[in-house]
1. If V214 satisfies every condition in (1) under 20 Å from E153 (Cβ atoms); (2) touching a helix residue (DSSP H, G or I) at 6+ places or on another chain (Cβ under 6 Å); (3) aliphatic (A, V, I, L, M) but one, which is the exception?
2. Taking the options D77, D114, D58, D100, name whichever one is more than 20 Å from the chain's Cα centre (by Cα), of a type in the set (D, E) and at pLDDT 90 or above.
3. Name the single residue that is surrounded by the fewest Cβ atoms within 10 Å (Cβ to Cβ) among those in segment 172-187 being within 23 Å of D88 (Cβ to Cβ) and in contact (Cβ under 8 Å) with a residue 60 or more places away in the chain.
4. Consider only pairs whose beta carbons are under 7 Å apart and that are at least six residues apart or on different chains; among these, list those whose first residue lies in segment 146-166 and is closer than 17 Å to Q55 by Cα and whose second residue is among the hydroxyl-bearing types (S, T, Y).
5. In segment 188-210, which residues are among the aliphatic types (A, V, I, L, M) and modelled with pLDDT under 95?
6. Do you know which of the residues in segment 154-171 that are surrounded by fewer than 23 Cβ atoms within 10 Å (Cβ to Cβ), of a type outside the set (V, I, T) and under 16 Å from the mean Cα position of the chain (by Cα) is farthest from R198 (Cα to Cα)?
Amino acid sequence: MYDWLLGGSNNYEVDQEACQMLLDVAPTSRELALNNRWFLQRVVRVLAEEHGIRQFIDFGSGLPTQRNVHQIAQEVDPDAHVVYIDNDPVVLALGQSLLDENDNTAILSVDMTDTDTIFVHEEVDRLIDFTRPVAALFISVLHCLPDSAGPKELVQRVVGRLVPGSFAVVCQLVSDDKRVRDGVTELMRVQTHGNWGRVRERADVDEIFDGLVVEEPGLVDVTDWRPDSELQQRRRSIEWTEYGGLGRVPDRR
C-alpha cells in the first residue's frame, strides 16, 4: 500500500483497492506517505553528514522503494553499513535482488520485535559494530504493532544495546480525530487480517522518547522536521500525520 501511495510499481490489485478505501477515510494519505518518505531521506542524510553515523538498522523497513537508506548513507560514505529488517517474504525477495551486489548492506527476514535473534544474527555481527554509534530507524512502523507487542519496550530494548552518541529515529501515524484513529485502525486490521496495531496520539509517541535527548526541532509532524524546500511544506496531510523525530542516546554515567 505504501509503495502505491508513493507512485511505485511494487504493489498488487488488492493493495490498490485497500488504498482506495483508505483514501475514503483519510483523503490526504498520499501526501502523508510522501512526507514520510522525504523525512526518511532527510534524517538519514543529517545522521550521516552532521553526526558521522555510518551504521544503520532499519526496523520494519518495508519494500525497497525510492531512495532507500543505504543509497542515501552511501552517497555520504560508500563504506556506510545498513541492515534492513522485515518479516514479509515479498520484502525479502525484492530486497535481496536489490542488495545482492552491495556487500555493505543486508536484509534480514526476522520479526522486528525479536531483538534476541536480531542482535546475534550473523549479518548483524558482520555489518554492525555495537562499540560504535548506530542509528536505529523505526520509521512509520510502530503503528503496525498492537499495544500488547510493546512498541515502546521494543525501542527501549534496542536503545539499551546502543552506545552513547547513537540515535533512534521514531515516527508513527497519529491523529487528533478519534473518528480517523478508529476508522483507519479498523480498516487496516481487516486488510492485514489482524496484523496491525493502531493509529495513536502524540502523547503515545512522546513516551517512546523517554531517556533520549530529542534533537532539534523536537517531536513534530515530520513534514516540519528540517524541511529542505518550500514545496515539501505545502504538501500536508490533514486527517492524520506522521509524528516523531530524532533522539540521541545520552552518556549513561
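The values are calculated or read from the model by the stated rules, or taken from the named source; none is laboratory data. Remember, predicted model here, so these are calculated numbers, not experimental data. Positions of Cβ are generated from backbone atoms using ideal geometry, with glycine treated the same way; all protein chains shown enter the neighbour counts.
1. (2)
2. It is D77.
3. Among them, the one singled out is L187.
4. Once the first residue is closer than 17 Å to Q55 by Cα and sits in segment 146-166, its partners that are among the hydroxyl-bearing types (S, T, Y) give V158/T115; V163/T131.
5. M188, V190, V199
6. Here the residue is Q156.
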